[in-house]
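These notes are about the structure you will find just below.
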């Protein structure tokens, strides 16, 4: 595990924009501050540019203009210290490594000491007991995504970036994870960014939801989720929860209406 | 040279002159010198005189250590001789003339095959016994040898257009399979192979029909002639003694070949027959009189005439008898 | 990996029966052809081997040792070149271009020079074996090193790690199946390279014995050597296939996707760079080895021979005639080989039950040394174009078959599920799904087969037919006309490179239509 723990960082985007080589404008100039230790969900229609924003924060994609700061330093610095983890939409497990091997790879890449116990605990946390030695090809899509989440967590990152990590996870497991994960990153003090198009998931997991317009991404709403923690699946039936999901849906439709040209059906 | 290395002309000149600078050292203290002899083909009884020289110490007793470099289908003799890897190469007058035309500083120092070994081989029931018999026949040969056939035809007033040339690989197989009526080949290889299969081929030696071309000639560069004379003399002296011994007992020469080169895939009866068949090509009245490797001025004139037919212009000074004279004179 | 499929008991029995039938057919054919001196029966082959076990074992040990050394060195060189291209991506076009040029150099020209450089011993054999393998390993390896989804590299980068970690943790392992596929093609090639290397003047080995046997009309010996050479090559192929299954049980996502087609201007620039590098290497090699200008002609010598010398016109005319003769064999043989390889691959998909025996026969055919089969094929097809064309086709056919089989297996499972739901026939699937999926692999094979075809045609011309560029090169070497030889070498190499570029151009056009994702 990391030798020294520092506080979770704030993420500040200043007029960050991205236009791809072909001329596609993915993100309009955008200002953003993500608070330390908070979980922020980016919600928007498919293809709106939220993954691009996430990749820019991760330092995997340079912005065309504007700047990003993580804990007062550029993303490259966070990368250099291996202080962040990304769970990608595609689980990106190496097919020739077992679940355990894939998780261990993250530790090795992040130059952290191998820690078999931590790995086993995380495998248990994501519900993959007994599959530690299994190759990805033998796992279901949902199991692979859970392995990828365990891999993202094992380095105890200060900044955790989750790009639709539950897409293929079954409903029951997803509820379980939605309960367990926030507890984990709260305890560890992690700034988390969650990209999702599931409104319920966003409300359940996050402290704050940013609703993005269709491409090019612009923030159409910034909604604080002040529901108490820990949250349980039953919370989704409360009025407060319903009000928040309604607000998010409302913002989403506004964003859609503003979009030009109208986006094709998903 | 026992240890092969890229041997540059410059470096080679350096060591050669260094050698010349120390002529006064007593014989016993002199480090053994070494030289390589580049053969023109894979090991076989074709070079048995050299094997005898090696085996009986005809070179080592002159303080010369000789490496025999085998040839092969993709091993032209001229490059190793030009670059100094080999002191002497075994070539033939036509190849040497061609190389000299291209600027190689070669001289012929000795002639192992007084008579050119080229024959027209045919089967007894459809024989080619005279050049005139070629007309109307299909001849199997490498197209590269067309000038050779052309020369034979010119020498004997045969119309080459009445011969059908079939390009074949160098093998008796097309003749035996009936694809051709005759072959252009060496007296000492394909006819011997056929004989071993029980087929007594008719062979017409081209040398008997005006095709005068020295074969298995010893060649060296002008540099070597100038700077490594002692080694050239020693090497050729060993060759001479080896081939004289060969002539005494060709069967023993064949046996020695197999003993020295067990990995060459040779068999004794074939080697014995080949050894016998090359004797008349290598020894003549002239060599009886003057010794192995000798040639007459008249032979040089005949060679120049044949080379002219092959499109090669050479002068008599391509042949340099000085080394041979030293060998025989001592 | 495409290898002999592990047969279940049923197919194993069928395989045994087929093998026995093939042996019986061979025996009968040999007996029928006794008078022709071209084919020995299996019984005669066994007889010869039983009578000469020591000779055979020593020759085999020699050639095998050299082939193994060349195999290792050649593949290490391929690894180094691939690493260079990977760590310095802008150099890739240069690396592959120069690698192609060196691979295309005719043996007739390189052999004697290697002999001068190395002197007696195994040097030329080892180098020629290495030269025979490095290119066919390099190309799949370059593809394999990139055969990973972008997200795997994102993963590595998200922990702040760079190219080196990506190479170690992702690329090296992802490239493994491709590497093994390359090694499989390389194994028989290394053996043949070592044999041809012995033609430059060797004391012992299979090549030495082959020449001896052919000249000596020793048909049983000739075929015993060919049989052993074939068996060794097949064993190496099968062993590497087994190794591949152990190391990388999962088939690679795609065998041979082509490198991105460069834009036209970029292509021209790369070509110019390759030419410049080749010239520099050429001059550099002459200087480094201090090669004698009598036989090592420099680019200026060749330019003079072709353009300014008094007999430049005659030289050009000779080359033109030889080129026309070579092209007449090369093109039909190349196309026939491609068609046969792709066609057989498709046939095997339609009738998978015969894949095992057919693959064995194909490997055997590819592994028999040309020098041995040439007389038989010439006897069967005559001395005209048919024989040479067939030999070229044999050389082209095998890599094409292997690559196409890989390609045909790439068809994504989901697409086949869709075809299932339409109850599509095997033929429909082949036409609609599998062939388009096969195209990238087919074209990659077509590109790699260009130098193989040129090599085959020049070797056959040199050893058997006595026409064309191969024969011209051999003749000019024996007559010390090294200006002509090197002019022919330049022409042959240029021919290979141009054909290669032409295939790449066609490939880009076809793939743009059928597999655009391969071009990005």
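The values are calculated or read from the model by the stated rules, or taken from the named source; none is laboratory data. Keep in mind it's a predicted model, so treat the numbers as computed, not measured. Positions of Cβ are backbone-derived with ideal geometry, glycine not excepted, and every protein chain shown enters the neighbour counts.
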Complete set of residues in the range B:147-177 that are modelled with pLDDT under 85 and either assigned to a loop (DSSP other than H, G, I, E, B) or within 23 Å of the chain's Cα centre (by Cα) (or both): B:168, B:169, B:170
Verdict on residue B:61 being more than 30 Å from residue C:198 (Cβ to Cβ), at pLDDT 50 or above, surrounded by fewer than 23 Cβ atoms within 10 Å (Cβ to Cβ) and more than 12 Å from chain C (Cβ to nearest Cβ): yes
Hey, residue C:62 hits all of (1) within 11 Å of chain B (Cβ to nearest Cβ); (2) over 27 Å from the mean Cα position of the chain (by Cα); (3) over 25 Å from residue B:169 (Cα atoms); (4) touching a residue at least 40 places away in the same chain (Cβ under 8 Å) but one; which does it fall short on? (2)
Would you check if there is a residue in the range B:74-81 being farther than 29 Å from residue B:226 by Cα, surrounded by 23 or more Cβ atoms within 10 Å (Cβ to Cβ) and without any contact (Cβ under 8 Å) to a residue 40 or more places away in the chain? yes
Is there a residue being touching a residue at least 24 places away in the same chain (Cβ under 8 Å) and facing another protein chain (nearest Cβ under 8 Å) anywhere in the range C:160-170? no
Quick one: is residue A:167 at pLDDT below 90, on the phi > 0 side of the Ramachandran plot and more than 11 Å from chain C (Cβ to nearest Cβ)? no
Only one of these conditions is not met by residue B:222: (1) surrounded by 16 or more Cβ atoms within 10 Å (Cβ to Cβ); (2) touching a residue at least 40 places away in the same chain (Cβ under 8 Å). Which number is it? (1)
I'm checking my understanding of the structure. Among residues of the range C:366-389 that are at pLDDT 75 or above and either within 14 Å of chain B (Cβ to nearest Cβ) or surrounded by fewer than 23 Cβ atoms within 10 Å (Cβ to Cβ) (or both), which one is farthest from residue C:197 (Cα to Cα)? C:386
So in the range B:82-105, with the set limited to residues that are at the interface with another protein chain (Cβ under 9 Å from one of its Cβ atoms) and not in a helix (DSSP H, G or I), which one is surrounded by the fewest Cβ atoms within 10 Å (Cβ to Cβ)? B:103
Return yes when residue A:137 is within 14 Å of chain C (Cβ to nearest Cβ) and either in contact with a helix residue (DSSP H, G or I) (Cβ under 6 Å, 6 or more places away or on another chain) or modelled with pLDDT under 90 (or both) and no when it is not. yes
Filter result (modelled with pLDDT under 85 and more than 19 Å from residue C:497 (Cα to Cα)) within the range C:77-106: C:86, C:87, C:88, C:89, C:90
Report yes if some residue within the range B:302-313 is part of a loop (DSSP other than H, G, I, E, B), more than 16 Å from the chain's Cα centre (by Cα) and at pLDDT 95 or above; otherwise report no. no
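Could you check the range A:1-110 for strands (runs of 3 or more DSSP E) lying wholly inside it with 1 or more residues that are crowded, with 19+ Cβ neighbours inside 10 Å and within 14 Å of another protein chain (Cβ to nearest Cβ)?
Counting at least 1 such residues, we get A:65-70, A:84-87.
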Given the condition farther than 20 Å from residue A:230 by Cα and touching a strand residue (DSSP E or B) at 6+ places or on another chain (Cβ under 8 Å), answer yes or no: does some residue in the range A:122-144 qualify? no
Matching option when the condition is out of contact with any strand residue (DSSP E or B) (no Cβ under 8 Å at 6 or more places or on another chain), closer than 30 Å to residue A:122 by Cα and modelled with pLDDT of 85 or more, among A:10, A:41, A:2, A:73: A:73
Given the conditions (1) away from chain C (no Cβ under 14 Å); (2) in a loop (DSSP other than H, G, I, E, B), every one holds for residue B:108 apart from (2)
For residues that are out of contact with any strand residue (DSSP E or B) (no Cβ under 7 Å at 6 or more places or on another chain) and buried (at least 17 other Cβ atoms within 10 Å of the Cβ), scanning just the range A:204-226, find the one that is nearest to residue A:46 (Cα to Cα). A:214
Qualifying positions in the range A:117-148 - surrounded by 24 or more Cβ atoms within 10 Å (Cβ to Cβ) and under 14 Å from residue A:106 (Cβ atoms): A:126, A:147, A:148
Based on what the data block shows, is residue B:35 over 27 Å from residue C:472 (Cα atoms), modelled with pLDDT of 85 or more, out of contact with any strand residue (DSSP E or B) (no Cβ under 7 Å at 6 or more places or on another chain) and crowded, with 18+ Cβ neighbours inside 10 Å? no
Examine the range C:324-341 for a residue that is in a helix (DSSP H, G or I) and loosely packed, with under 14 Cβ neighbours inside 10 Å, and state whether such a residue exists. yes
Specify the residue that is surrounded by the most Cβ atoms within 10 Å (Cβ to Cβ); the eligible residues are those in the range C:231-275 that are in a helix (DSSP H, G or I) and at pLDDT below 70. C:266
